[in-house]
1. Counting only protein heavy atoms and a 1.4 Å probe, tell me what percentage of the chain's accessible area is made up of carbon and sulfur.
2. Could you provide, to the nearest whole Å², the per residue accessible area of the range 1-100 with probe 1.4 Å?
3. Once the range 1-46 is represented by equal point scatterers at the alpha-carbon sites, with solvent omitted, what log10 I(q)/I(0) does the Debye formula produce at q = 0.14, 0.16, 0.17, 0.27 Å⁻¹?
4. If we count every other residue with Cβ under 15 angstrom of residue 85's Cβ, Lys/Arg +1 and Asp/Glu -1, where does the sum land?
5. When the gyration tensor of the chain is built from Cα positions, what are the square roots of 5 times its three eigenvalues, in whole Å, from largest to smallest?
6. What size of dipole, in debye to the nearest 20, comes out for the chain about its Cα centre when the only charges are +1 on Lys and Arg C-beta atoms and -1 on Asp and Glu C-beta atoms?
7. So for the pair residue 30, residue 73, with labels modelled 7 Å out along Cα→Cβ, what separation do we get in nm?
8. Antiparallel DSSP bridges in the chain: what percent, to the nearest 5?
Amino acid sequence: QVQLVESGGGLVQAGGSLRLSCAASGSIFSRYVMDWYRQAPGKQRDWVARITSDGLTNYADSVKGRFTISRDNAKSTLYLQMSSLKPEDTAVYLCYASQGSAEYWGQGTQVTVSS
């Protein structure tokens, strides 16, 4: 069992930056593949970025070059550094942990980018 708690969201102007965190507890964090997703009002949940247990990363085209996913296994924490933010990045951002058939979601943190 893994509990995930996101933080770091807020209101930022276009072009600004934010760093999201996802604190994990309850299991061995380093074993999990970790993803960030986001969901805007009235829209489907979209995948944003992934980092494997080995530290390999992958990004959605919409955020590539602007967002950086990272993890600190010693702190059981996942990060998403977001730069050059755009109004279309406005959404609830959720972290997701998976290992085999086990999967867990956080509750999300709101990011609002004003134009």
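The values are calculated or read from the model by the stated rules, or taken from the named source; none is laboratory data. Keep in mind it's a predicted model, so treat the numbers as computed, not measured. Neighbour counts are summed over all protein chains in view; Cβ atoms, including those assigned to glycine, are modelled from backbone coordinates with ideal geometry. Ligands, DNA and RNA are excluded from the accessible area calculation, which covers all protein heavy atoms including side chains. Shrake-Rupley method; radii C 1.70, N 1.55, O 1.52, S 1.80 Å.
1. Carbon with sulfur: 46 percent of the solvent-accessible area.
2. Per residue, the range 1-100 has 51 Å² of solvent-accessible surface.
3. -0.49, -0.63, -0.69, -1.11
4. Net charge around residue 85: +3.
5. Working from the Cα gyration tensor, I get semi-axes of 23, 14, 13 Å.
6. Dipole size: approximately 100 debye.
7. With each label placed 7 Å out from Cα toward Cβ, I get 0.4 nm.
8. 90
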